[in-house]
Structures are given as structure tokens and as C-alpha cells.
Amino acid sequence: MRAAALLVYSPEVRQEVADSILATEGVCKRFGALLASDNVTLDLHEGEIHALIGPNGAGKSTLIEQIAGAIKPDKGKIYFRGHNVTKLNTAERARLGLARTFQISALALEDSVLQNVILGGLGAQGRPYRFFKPVLASSALRETAEAALERVGLAQLARTRAGELSHGQKRQLEVAVALTLKPKAFLMDEPMAGLGSSGSARLTTFLSELRHEAPILLIEHDMDAVFALADRISVLVYGKVIATGSVDEVRILPEVRRAYLGDDAWDC
Amino acid sequence: MSREGWINIALILSLLAVPLWAQVADEPFLITLSTRVAIFALAGVGLNLALGLGGLVSLGHAAFFGIGGYAMGILASHAQSYAPILEVPLLIEGTKSMPVIWLTALLVSGLVALAIGALSLRTTGVYFIMITLAFGQMLYYFSISWPAYGGEDGLPIYTRNNFPGLNTLDPIQFFLISYVILCIALVFISLLTKSSFGLALNAARQSVRRVETVGISTYRVRLTAFVLSGMMTGLSGALFADLNRFVSPSMFSWQTSGEIMIFVILGGTARLFGPVAGAALFIVLEHLLGGISDYWLIFLGLLLLAVVLFARGGLIGLLAGSPSRSG
Ligand SMILES: Nc1ncnc2c1ncn2[C@@H]1O[C@H](COP(=O)(O)OP(=O)(O)OP(=O)(O)O)[C@@H](O)[C@H]1O
Ligand SMILES: [Mg+2]
């Protein structure tokens, strides 16, 4: 079967895993009876967008959580920039240059948009242990933050409280914060959700450029965006990667056709 | 300036004006009351850093208050009996010097806060409340059962400690010492709130994931806040002991932790001057109602209920409205 042919992780390809910037190797995660990650091995190359698609509940976010360090895998390893980061926590992985955006946005909602972005710059700078100098007076932090807001198109809203943003704008804000980290790789969990068609077209153009700054592991339900953006696509079903390949290879898979191209839905 | 700014200025000036007027009118008791307000406010300012800004509901801040108190008590009692605290391996003698006592109180309460925080900050929510409470109670029972410094009966200190150039036994001068320390603490907190650290601490309260995701350890940020918070409350304990010239295990009791928390909540959680307003209100009520009825705590309870249900911003919130944002 075609799907089987696309399971590319034969021994000689393992070398490639070691060369890639980010890789998971045999990651397993069980929630009670539910196998949320079933021996997941995938990787992210420099300069690419690797899209992760699959039906609701397939375990996409769970995989991202494990890569980011928020959930510990039961089994398997995670490599980032040549380091085995499996035992590092979220903050340590972030300091290595792993940036992420959340499916359900995680922001300081009482703070202004600008303050949220400045927090990113603070993290990138290293230690936030300065007690006397007003943080907003730091022109370096401010400039980085304003440039990041400009890039995602939120510059006008810098003084708005983050809690007052729409869902789509919150996603954009998360992308802006991620930008200030000058990361070596991005993990993005459904950044297009809630954006509307003009917003997602904009973000599509933006991400397309962004991959050259740092590669992106992208979870996305918006198939137009995925097909437009992805260099490679992995299909996750019941926690298992059933296929990895180029857009053309993946879009003809029966599972994908059924789910995304009008045949009956995937949910069970 | 914002409305809250004006209210803060009015508050801090009143706290100065009342004892100055009392000095002129020869009402020493009012000066003592004002001194209590300043000292309790300082304890509250300390807790407010953890509770208000950091979202860390510590029910064990009496631990630091008591440690500050006993730092003063132990140093001063050795000084008045001329018996060194330690001879081997090095000679440590008691002292009646306030600055030395304050530094000791800051240092020891900081170290204890580091230990308590390092363990309790691994938990959150109710567990955090219970662990901080448990540490406070441990110190309480320890102070009761340790006979060397008075045990259950507490430890009287016969004269107030010294501050170079001042007559600390003069109520107004001791008030001014406490008042200036409170002002320094308030300036520190107002700077901290706007600083890098303040931004990180404030964000950690709102979303741990957000802060971790940018590479900042929320554990370390909170631990730092907890230590600073404990140090300020510890310093207020040393001043409180000096005000009363007496230290007792009740400084360690959970009622004390509760009272410090009441100052913060009454005045307005996370508001710079919340603890000042709260401590003032508490002392005024205690004085007015406590005189009429022994059941004044019932009134306090009702008031607290009203604040929690209808005025989350406490007294400051009631007067100044929602907090203004910067940035
Ligand atoms: N902490 C958890 N405890 C128990 N079960 C969990 C937990 N997190 C996720 N799950 C379950 O694991 C499965 C995978 O969830 P996950 O959020 O990773 O799916 P997803 O592919 O991101 O779905 P969606 O497209 O809806 O975002 C789901 O069935 C979910 O209910
Ligand atoms: Mg998901």
C-alpha cells in the first residue's frame, strides 16, 4: 500500500534524523487506555515547513507538548540541535531556541500586548532578574517587541490588553512573542484557527518567508494553508504517523482524501 | 497622576500627619497606634509581593514575622545579659544596634524563605497554602518548646534597641524609623512592579506556560519573589518586637499569618498601597470596635466577606477604581 511505502524511517534514514534540527525518536505517550503517541518518529529540517495533520484527537498537540517539554514521553527520545533534550524542561528547551505557539493561547491576559511581547525579549536576553529599571524604558527590548508586532500586523494594538484581543489576534500575538526569541525552530499549533480568510492568507505568506529564518513544525487544520506551505506533511492517526511525504504524495492518500477532500469525516 | 497615585500620597501623608499631630497634642498612644500601622503595613507589603503580584497564597508568613522578632529578641537578650550567643568556633555576641538587628532579621528570614519556598513552590494551589501553613506551625511549636528564649512565656527586652543619633525610646522617633523603612519598601515595590522581574512575576501569575515558553523558569522567579517577600515581613517582625519590647511565640502563630493576609485583602490585593490602607483600617477598627465589644472580630469577618464578595480591589480599589495599566 502507498501509505506503507511512505514510512521512510529505514536505518539509513536515521542518519538524516541526526542531522536535522529537531527530531523525535520512537516517542510513546499513553493516557490511561489511550495511546496518544504511538512510537512517533519524525524530524524537522533546516528551512522547511513540516506540517502535521490528522483528525481531532489524533495526538498532534500531545506530540507538540512533548517536543516542547510540557509533557514527558513514556518512551522515546527528543533531539534538538544535536542535543538529547528529552530530560530538559520547557524553559531549558526554549533557551536552546525552541519557540512555540499554543492551540489554546497562553498569554498574560491582564497585560498589554506590548508587555507580552517584551516578556519574550526578556526570556531571549537571559535573566529577568532586574528589579529597579523600568522594563518599558529599555529601548532594545521595546524595539525588538515593536518590530515583532509590526511583522505580525499587531503594531496598532500594542497598548491593548491581551485579554481584549480576538482569538485570531491572540494567535498572532503568540507568533510575535515567538519571533522575539530568535528561535532555531518553531512549533505552531493551529496558528490559523480563528483568523478568517484574509488573516490566514496573510499568515500563510508570512510563514512561507519565516521558514528561512527557522524551520516550522506546523499543526494546521486549514488544508489550503497546509498544501500551500508544507515542504513535507506527516499524517497522524490514533497517535501513529501513518505517512510522511511531500504534498503531492500525501494528498492522494485515501485517509487524507476522506478526511479533507470531501469524503466522509475521520472522526470515530 | 492617576487617581490611585493621589490616594496613595494622601494615605502616606496621613500616616505621617496623625502621629505628628499626636506629638503636638501629647497623645502618645496615637503615635504607638500609627507605629503599629506602619509596621503591619510593612509586613503586608512583604506578603503582597508574593500574594498580590506573584499569586502565591502563603498562609505561613508568620514564620518570617516571627523570625524577625526572634532575631531581635535573641540578639538583644544576649546583649542585655552580656552572654555571647556563641563562643566556639567563633565569638558571636548579642547587640542592641538596630541596623545590625535588621540586617540579621533580613538575612535569616531570607534564608528561611529560601528553604520554605524551595520546597513549597513545587506545589500549587491548596497544597501550597497547606505547606506554607505547616512550616509556620512548625516554627510556632518550635518556639514554644525551646526554653532558652522564654519558650511559651516569650522573651522581654528591657530597653528598646539603639539607632545611631536617635532616641529610640521617644515614640515619635521610633515611629519615624518604622515609617521611613515602610517608605523605602514601598519605593522598592513600586520600582519592582515596573521592572523586568515584575513583568516576569506578574506574567507567571497569569500563565505559567507563557513564561516557561519564553525560557524563563517560573520556579526561580517565584522563589526570588518569595524570598524578597519573606525578608520584608521578617524586617517588620524585628520592628514589631522592638515596638513591644517583647517577643513571643504568638508572632509565629497562624493567626498572625491570617492577620497579615487580612491587611492585604482589606486594603486591596496587588495594589501598591493596599497593605497600608488595610493595616490602617484594621488597626482603626480594632481600636474603635475592640473597645465597644469583644466580638469585634465578627465585624471584621463581615467586612472581609463584603470585600471578597463585592470589592475585590479592597479599600484602594473602592477609592481608586480598577488598576491603571502601564505599557
Ligand atoms: N492530559 C491528558 N490526559 C488525558 N488525556 C489526554 C490528555 N491530553 C490529551 N488527551 C487525549 O489525548 C488525545 C489526543 O489529544 P490531542 O490534544 O493531542 O489531539 P489533537 O490531535 O491535538 O486534536 P485537535 O485537532 O482536536 O487539537 C485526545 O483523545 C485527548 O482527549
Ligand atoms: Mg490539538
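Results, tabulated for the structure shown:
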quantity: At least 20 Å² of accessible area lost relative to the chain alone, listed for the range B:215-243 with a 1.4 Å probe; calculated: B:GLY215, B:ILE216, B:ARG220, B:THR224
quantity: Modelled FRET efficiency - R0 41 Å, B:LEU107 with A:SER198, Cβ distances, 0.05 increments; calculated: 0.10
quantity: Rough spin-label spacing in nm, given labels placed 7 Å along Cα→Cβ, for B:VAL284 and A:ILE104; calculated: 4.4 nm
quantity: Kyte-Doolittle mean at least -1.0, axial Cα span of 30 Å or more - DSSP H helices of chain B; calculated: B:3-24, B:98-120, B:125-145, B:171-194, B:218-244
quantity: Residues A:GLN125 and B:VAL57, FRET efficiency given R0 of 41 Å [Cβ-Cβ distance, rounded to 0.05]; calculated: 0.85
quantity: Rounded, prolate or oblate (a/c below 1.5 giving rounded, otherwise prolate when a/b exceeds b/c) for the range B:147-193 by Cα gyration tensor; calculated: oblate
quantity: Cα shape, the range B:98-157, gyration tensor, a/c 1.5 rule; calculated: oblate
quantity: Rounded Å value of the spacing that divides the Cα centres of the range A:162-179 and the range A:29-107; calculated: 21 Å
quantity: Loop-resident sites, the range B:142-210, for chymotrypsin sites (Phe, Trp or Tyr not before Pro), counting at most 16 other Cβ within 10 Å (DSSP); calculated: B:TYR158
quantity: 20 Å reach of a label modelled at A:LYS182, 7 Å along Cα-to-Cβ, counting backbone N of the range A:150-167; calculated: A:150-152
quantity: Relative contact order for chain A, counting Cα pairs under 8 Å that sit 6 or more residues apart, in percent; calculated: 27 percent
quantity: Estimated buried accessible area (total), pair B and A, 1.4 Å, Å² to nearest 100; calculated: 3100 Å²
quantity: Of every Cα-Cα pair in the range A:101-182, the percent that sits beyond 22 Å; calculated: 16 percent
quantity: Shape box of the range B:92-211 [Cα atoms, principal axes, largest first, Å]; calculated: 52, 38, 26
quantity: Under the Debye formula (equal points on every Cα, no solvent term), log10 I(q)/I(0) of the range B:13-127 at q = 0.22 Å⁻¹; calculated: -1.15
quantity: Accessible surface, the protein assembly as shown, averaged per residue in Å² (probe 1.4 Å); calculated: 43 Å²
quantity: Anisotropy class of the protein assembly as shown from Cα gyration tensor, a/c 1.5 cut; calculated: prolate
quantity: In the range B:21-125, trypsin sites (Lys or Arg not before Pro) in a DSSP loop with at most 14 other beta-carbon atoms within 10 Å; calculated: B:ARG122
quantity: Chain A: DSSP helices with Cα axial extent of at least 18 Å and average Kyte-Doolittle hydropathy no lower than 0.5; calculated: A:113-125
quantity: Cα-projected label distance for A:ALA147 with B:LEU86, points at 7 Å along beta-carbon direction, nm; calculated: 5.2 nm
quantity: Amide H contacts under 5 Å for A:LYS240, placed H, 5+ residues apart; calculated: A:ASP38
quantity: Equivalent ellipsoid dimensions for the range B:3-320 as semi-axes, Å, which come from the Cα gyration tensor, largest first; calculated: 29, 26, 19
quantity: Length-normalised contact order of the range B:3-320 in % [C-alpha pairs under 8 Å, at least 6 apart]; calculated: 33 percent
quantity: Protein accessible area in the protein assembly as shown, 1.4 Å probe - carbon and sulfur %; calculated: 61 percent
quantity: Relative contact order %, the range A:101-182, counting alpha carbon pairs below 8 Å whose residues are six or more apart; calculated: 51 percent
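The values are calculated or read from the model by the stated rules, or taken from the named source; none is laboratory data. This structure is a prediction, so every number in the text was calculated from the model and none was measured. When we count neighbours, we look across all protein chains shown, and the Cβ atoms used for this are built from the backbone with ideal geometry, even at glycine. Please note that ligands, DNA and RNA were not included when accessible areas were found on the heavy atoms of the full protein model with its side chains. Shrake-Rupley method; radii C 1.70, N 1.55, O 1.52, S 1.80 Å.
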